[in-house]
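Peer 1: My questions will all concern the structure given below.
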Amino acid sequence: MSIHEECGVFGVYSSYAQDVAALAYYGLYALQHRGQESCGIVVNDDGVFASHKGLGLVSEVFTEQEMKKFPYGEIAVGHVRYGTTGGNSLSNCQPIQVNHLKGKLAVAHNGNLSNALMLRRELELSGAIFHSTSDTETIAYVITRERITAPSIQEAVSRAMDRLDGAYSLVLMSAAKLIAVRDPHGFRPLCYGQMEDGTYIVASETCALNAVGAKFERDILPGEILTIDSSGVFSDRRHCGTVAKRLCIFEHIYFSRPDSVIEGVSVHDARMKAGAILASAHPADADIVIGVPDSGLDAAQGYSRASGIPYGIGLIKNKYIGRTFISPGQDRRVDQVKIKLNPVESEIRGKRVVLIDDSIVRGTTSARIVKLIRDAGAKEIHMRISAPPFLYPCYYGTDIDSPEHLIASHHSVEKIAQMIGVDSLGYLPIENLKELCGSDGYCSACFSGCYPTAVPTDTRKDQFEEKLSKRKQW
Ligand code: SF4
């Protein structure tokens, strides 16, 4: 509930000039759940790039007037952002654009490089001047440096991949090509499809393909470079299979939309399964199962079906909340959870409730939700979490924090239950994670501490800002 999503990327390649900005708009709209801090679209009109970016939701940044300013074009890339490296400033909005010796490049990135600081230091020492504090600009510079000697942009991307560590699902746009790239571990999802008129769409999730009427073709493979240009679609698989696949298991548990399908597994089905596993691992004598919207709802249905306890709508989420402005001073009086969630008292009063959520991070949000349910008259609350306890930070594009902020890393399950005010608490057993995605190729480092890459030495989201502010003192 209090973990932020990461980012969403979207790309369009058309063989004729059309309103590719509108397609990107609808695609980003479908990916809004992956990031609400900022968004951007860059359109390629016969090699000339036109862009608009801003802080806020897709519907706020891309007004009718702004959309009218976009020319028709053949290629477009778009991005919604929740920043995991770099602060929330306009300069960090994506797609990032760079002009280089051999042309132009626009880059949209979902993920987080684990060697970003080292690469940036190296680039700065050789004269690179950065305009943002996001690791995406580092990726853009590594690619454009390689492009100086590489015979093509896709060859430059392939060489850059030898240098990039960590999580990156990228959509790149050059003057004539749309390129989709997924890191060899495949941490973040990326797929492509085609519209009836032949227009190609690349997106973080299948729900964005559906939004624009594109038929799902397939997932981009971990390590694959997929290039789309006037000669068709070309797949470069040199980096595929070089390391073990490690798709982020939290995509199925929380990040992705339930109507998306990732690597053949429906996110909704995975969450239903998590609920069923919880019902057998942590049964409860109860009258009703309710989920915390949105990502707890599917797991709550799964728990209900497996246990036979009726499913109910016990909490309503205000879907139109956007980025609510709470003025300083008001923040202590207004409970943020109450603005977002409201209990349905008639469903809850006098009942023994099984409450399903996807995670407990610090415990403060969970405690507030539990209080809402208690105040609505619940007799007992049995909380079930559709993920194992968070014990370790994530370095791959989410803001799962350092252990001192993770309640489970220094408290027992019984103690957490007491702290958040529930009668019992049960987590998804870590050994059952495989059942959610149907393979061993997943990352579960935030639960197990087994990281698929070297762990970065500086892991703060604002690592580059801090470096810059120190520099002012030199
Ligand atoms: Fe996903 Fe956790 Fe791995 Fe991060 S550490 S990529 S959140 S499974």
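Peer 1: Out of Lys177, Lys215, Lys245, report the one residue that is within 16 Å of the ligand (Cβ to nearest atom) and among the basic types (Lys, Arg).
Peer 2: Lys245
Peer 1: For Ser448, which of the numbered conditions (1) within 11 Å of the ligand (Cβ to nearest atom); (2) buried (at least 19 other Cβ atoms within 10 Å of the Cβ) fails to hold?
Peer 2: So Ser448 meets the others, but not (2).
Peer 1: Quick one: what pairs do we get from the range 273-292, first residue of a type in the set (Lys, Arg), second outside any strand (DSSP E or B) and surrounded by fewer than 19 Cβ atoms within 10 Å (Cβ to Cβ), C-beta under 9 Å, 6+ apart or different chains?
Peer 2: Short answer, once both residue conditions are applied: Lys273/Asn432; Lys273/Glu435.
Peer 1: Determine which single condition Glu66 fails, assuming it passes every other condition in (1) within 25 Å of Leu226 (Cα to Cα); (2) of a type in the set (Asp, Glu); (3) modelled with pLDDT of 95 or more.
Peer 2: It fails just one condition, (1).
Peer 1: Right, Ala128: touching a helix residue (DSSP H, G or I) at 6+ places or on another chain (Cβ under 8 Å) and on the phi < 0 side of the Ramachandran plot or not?
Peer 2: yes
Peer 1: Please determine whether any residue of the range 417-440 is of a type in the set (A, V, I, L, M, F, W, C), away from the ligand (no atom under 14 Å from the Cβ), buried (at least 17 other Cβ atoms within 10 Å of the Cβ) and within 24 Å of the chain's Cα centre (by Cα).
Peer 2: No: the range 417-440 contains no residue that is of a type in the set (A, V, I, L, M, F, W, C), away from the ligand (no atom under 14 Å from the Cβ), buried (at least 17 other Cβ atoms within 10 Å of the Cβ) and within 24 Å of the chain's Cα centre (by Cα).
Peer 1: Only one of these is surrounded by 20 or more Cβ atoms within 10 Å (Cβ to Cβ), touching a Phe, Trp or Tyr at 6+ places or on another chain (Cβ under 6 Å) and within 19 Å of Ser51 (Cβ to Cβ): Val202, Val171. Name it.
Peer 2: Val202
Peer 1: Follow-up. Given the conditions (1) surrounded by fewer than 20 Cβ atoms within 10 Å (Cβ to Cβ); (2) modelled with pLDDT under 95, and given that Asp135 satisfies all but one, which numbered condition is not satisfied?
Peer 2: Result: Asp135 passes all but (1).
Peer 1: Hey, does the range 186-193 have a residue that's in contact with a helix residue (DSSP H, G or I) (Cβ under 7 Å, 6 or more places away or on another chain) and farther than 14 Å from Ile220 by Cα?
Peer 2: No, the range 186-193 has no match at all.
Peer 1: Name the residues in the range 174-199 that are buried (at least 24 other Cβ atoms within 10 Å of the Cβ) and either at pLDDT below 95 or β-branched (Val, Ile, Thr) (or both), would you?
Peer 2: Ile179, Val181
This table checks each residue for (1) modelled with pLDDT of 95 or more; (2) touching a Pro at 6+ places or on another chain (Cβ under 9 Å).
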position: Cys240; (1), (2): yes, yes
position: Val243; (1), (2): yes, yes
position: Leu247; (1), (2): yes, yes
position: Ser260; (1), (2): yes, yes
position: Ile288; (1), (2): yes, yes
position: Gly291; (1), (2): yes, no
position: Tyr303; (1), (2): yes, no
position: Lys317; (1), (2): no, yes
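Peer 1: So, one more: With the checklist (1) in contact with a Gly (Cβ under 9 Å, 6 or more places away or on another chain); (2) free of Cβ contacts under 8 Å to residues at least 24 places away in the same chain; (3) over 19 Å from Met383 (Cβ atoms) in hand, flag the one item Val265 doesn't pass.
Peer 2: Just one mismatch for Val265, condition (2).
The values are calculated or read from the model by the stated rules, or taken from the named source; none is laboratory data. Values in this document were obtained by computation on a predicted structure and should not be read as measured data. Positions of Cβ are generated from backbone atoms using ideal geometry, with glycine treated the same way; all protein chains shown enter the neighbour counts.
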